[in-house]
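Report on one structure; see the data block that follows.
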Amino acid sequence: MEKKSNRIYLLEEAGVASALLKLGIPTMVGMLISALYNAIDAYFVGGLGMSQMGAVSVVFPIVQIIIGLGMMFGAGASSYISRLLGKGDNEQANKTASTALFSGLLVGAIIIIGIMVFLDPVLTSLGSTETILPYARAYARIYITGSIINVFTVMMNNLLTAQGATKFTMIAMLTGSIANVILDPIMIYGMDLGIEGAAIATVISLCINMILYIGYIARKKGVLRFSVKNISPSKTIYTEVLKIGIPVLLFQLLASAAMGTINTASKPYGDYAVAAMGAVTRIMTVVTYVVFGFLKGFQPFAGYNYGAKKFGRLKKSIKLCMAWSTVFCVIAAIILIIFANPIVSLFGTDAEMVGLAEKALRLNAILFITFGFQMVYASLYLAIGKSLVGSVLSLSRQGIFFFPLVIVLPHLFNLTGVIWVQPLADLFTTILTTIFALKINRTLSTEISREVD
């Protein structure tokens, strides 16, 4: 009962700023480290050559899809488990955790096998040129096969966060990331394994992360108990998990598809274009994941207070999240614009690649200042149960607006059109978000005035 009262206190009575930080920071760290794994690989691979850098760019969307599977079962189960633990129903929480973990690994294994069977066509469809393909194949064979571990670690991050083990999840993820930084140069250059060394280093780092989680389970730490005996597939469990998890997966799929189509649109202009846009994608993924991860923590707070009709508390949380996320986005944009050249130069030294990536990064950074605004209201609408509007806002930036633009602009403006796709998608998403932001703010103001009356 103490855990329940602590959780309710955090959502209902704790200081708004303190509650948002406690809810948001663990999810933010988890998502940030997922993005950093791939950025670290790209940084060290950049020294091997342009085709190798292009290979990492091509494989990146596949990895994001696999991570999305882990997030679907992990985030979906986490939401349901939090509610079950709040009710004191530990038995159903244990069944949900074990069932989600087993199901995620099973589905992940099936998807990975399917990708490996059709690996060359998949890589070609994602932008591999004839010169990039051999390196992409070598990198993917190791990394994609080992990504079943990624599914496990992403799910465990979410499941342990649901029971409040946020400090351990951060330590586990950081340990794996640090190991990757150490192992990458050793494997790639010290052992002369090239791009395959990058994949091996990442898989070893994921294994270290996995061992820490398995140790946590074996020591029976925390509230949840993972066991084969607790695997209990049922309509209730899958419904509760998937109704939250599917939108998360869909977001991840669209983001991956967006990366793939940018690679494909860049492909006619040569390896340097694929490598350049891939570098920009990785850089922007890191900063967007900071905001997206933090606002995943905002969602349960918003949903609870909306349901409890604490509209004043909800509005204060919106203002704080808007302020914090916008300040971060502005600072990140300024850094990316001013230091665009040294940042993109981390991923390669080819003059054409650096020049294109520098221009594209600055364009992306300008409109990134609105990303926090976009995500606050997308998260808010989803949290209060208005899934249609929330889904439209979530999927606009790298879906609804992105895909028509990526089809049309390269045909009209060639490579210049490619680098304008994401900035224009951000612009249109910001306009759409403004319309729905004004609407929900009017509604909340009306409700607050009724409270006062």
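The values are calculated or read from the model by the stated rules, or taken from the named source; none is laboratory data. Here the structure is a predicted model, which is why all the values come from computation and not from measurement. Glycine gets a Cβ as well: all are built from the backbone with ideal geometry, and neighbour counts include every protein chain shown. All accessible areas refer to the heavy atoms of the entire protein, side chains included, with ligands and DNA or RNA removed. Shrake-Rupley method; radii C 1.70, N 1.55, O 1.52, S 1.80 Å.
What the table below lists for this structure:
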| item | result |
| --- | --- |
| Percent RCO, i.e. relative contact order, over the chain, from Cα pairs under 8 Å lying at least 6 residues apart | 23 |
| Dipole magnitude (debye, nearest 20) for the chain, charges at Cβ of Lys, Arg, Asp, Glu | 1860 |
| Scattering profile of segment 367-453 at q = 0.13, 0.26 Å⁻¹ [log10 I(q)/I(0), Debye over alpha-carbon scatterers] | -0.49, -1.18 |
| Cα shape, the chain, gyration tensor, a/c 1.5 rule | oblate |
| Contact order relative to length of segment 187-327, as percent, for alpha carbon pairs under 8 angstrom and 6 or more apart | 8 |
| Prolate/oblate/rounded call for segment 301-453, Cα gyration tensor, a/c under 1.5 rounded | prolate |
| Surface share of carbon and sulfur [accessible, 1.4 angstrom probe, percent] for the chain | 69 |
| Dipole in debye (nearest 20) - segment 268-389, about Cα centre, beta carbon charges: Lys, Arg +1; Asp, Glu -1 | 1100 |
| 18 Å Cα-Cα threshold exceeded, pairs from K167/K315; K243/K386; K243/K309; K22/K309; K95/K235; K386/K439 | K167/K315; K243/K309; K22/K309 |
| Helix-only CD estimate at 222 nm, as mean residue ellipticity for the chain, using -39500 (n - 2.57) per DSSP H run (n ≥ 4) | -30000 deg cm²/dmol |
| Cα-based shape type of segment 101-204, given that a ≥ b ≥ c are square roots of the gyration tensor eigenvalues and the cut on a/c is 1.5 | oblate |
| Angle between the chain longest axis and helix 271-307 axis [Cα atoms, degrees, rounded to 10] | 0 |
| Top positive-direction residue, dipole computed over segment 388-453 with Cβ charges, set I431, G390, I448 | I431 |
| With Cα atoms, 0 to 90° folded angle of helix 50-87 axis to the chain main axis | 10 |
| With eigenvalues of the C-alpha gyration tensor scaled by 5 and rooted, segment 103-150, Å | 22, 11, 7 |
| Highest average packing first - 386-392, 98-104, 441-447, Cβ atoms within 10 Å | 98-104, 386-392, 441-447 |
| Most positive-pole-ward Cα, Y238, I171, I200, against dipole of the chain from beta carbon charges | Y238 |
| Cα-based helix-to-principal-axis angle, 16-45 vs the chain, degrees rounded to 10 | 20 |
| Check: segment 347-446 dipole with +1 on Lys, Arg Cβ and -1 on Asp, Glu Cβ, in debye | 520 |
